[in-house]
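Every number in this text was worked out from the coordinates using simple rules, so none of it is lab data. Since we're looking at a predicted model, the values are computed, not measured. So basically every Cβ, Gly included, is an ideal-geometry build from the backbone, and we count neighbours across all protein chains shown.
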Amino acid sequence: NAGVTQTPKFRILKIGQSMTLQCTQDMNHNYMYWYRQDPGMGLKLIYYSVGAGITDKGEVPNGYNVSRSTTEDFPLRLELAAPSQTSVYFCASSWDGTNEQFFGPGTRLTVL
Amino acid sequence: GDSVTQMEGPVTLSEEAFLTINCTYTATGYPSLFWYVQYPGEGLQLLLKATKADDKGSNKGFEATYRKETTSFHLEKGSVQVSDSAVYFCALSNFNKFYFGSGTKLNVKP
């Protein structure tokens, strides 16, 4: 049982490039989340999903897109990367919106 | 709307000192409350939780009691260790939404 896995662990992008951050969970959780954590700051919710085929915006969705074609996978797409997107990105999942969230190890992204 | 407020850090303590990190919340209804811990370079891990008023969550020597009358969920530990140095997040869940506090960094010196 691997829990929540994220790839890549680190990535450096140039301004204007695009990339997809991968997130997979093997706990059959319905809910999945993407957060960003800027240095020394708390978590900000980017997007979340309550089940396959259903996604919704969080607090800071601009510049990002998501999809949820399967229960297991919840990729985060960055289009036209900007320096303001330099951050650590965490994926999380939970059985429902009430119980604890399980976090992946994070992806550290730098946009230069 | 629902929210979580926790004390600002950093908190610096000597080993074996008593720890309190304050957390208060605003919520309608009956939220569940959580403490998460984030060690350097890692993701968040659940430390403890409480799902109803007067419940006490505990784990690894840490405790927190769900106080509805004061809308608080303060984290305590009787004797901290250097290995407890981390960032601690208070959180609540309510009506299928999750809210995190801004985090409190704890530094424990030998």
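In the stretch B:73-88, the condition of being more than 21 Å from B:Ala17 (Cβ to Cβ), out of contact with any Asp or Glu (no Cβ under 7 Å at 6 or more places or on another chain) and not aromatic (Phe, Trp, Tyr) is met by no residue.
Restricting attention to the stretch B:25-51, the residues that are under 16 Å from the mean Cα position of the chain (by Cα), crowded, with 17+ Cβ neighbours inside 10 Å and in contact (Cβ under 8 Å) with a residue 40 or more places away in the chain total 11. Entry remark, the stretch B:52-101: residues being away from chain A (no Cβ under 14 Å), assigned to a loop (DSSP other than H, G, I, E, B) and touching a Gly at 6+ places or on another chain (Cβ under 8 Å) number 4 in total.
With respect to A:Thr98, is the statement that it is within 14 Å of chain B (Cβ to nearest Cβ) and among the polar types (S, T, N, Q) true? So A:Thr98 passes the test.
Show the residue pairs meeting these rules: Cβ distance below 6 Å; 6+ apart or different chains; first residue within the stretch A:26-45 and at negative phi and more than 11 Å from chain B (Cβ to nearest Cβ); second residue of a type in the set (Gly, Ala, Ser) and surrounded by fewer than 15 Cβ atoms within 10 Å (Cβ to Cβ). Short answer, once both residue conditions are applied: A:Asp26/A:Ala2. When you check A:Ser93 against the structure, is it among the hydroxyl-bearing types (Ser, Thr, Tyr) and either within 14 Å of chain B (Cβ to nearest Cβ) or assigned to a strand (DSSP E or B) (or both), yes or no? So A:Ser93 fits the description; yes. Restricting to the stretch A:95-112, name every residue that is within 18 Å of A:Gly42 (Cβ to Cβ) and small (Gly, Ala, Ser). Within the stretch A:95-112, A:Gly104, A:Gly106 qualify.
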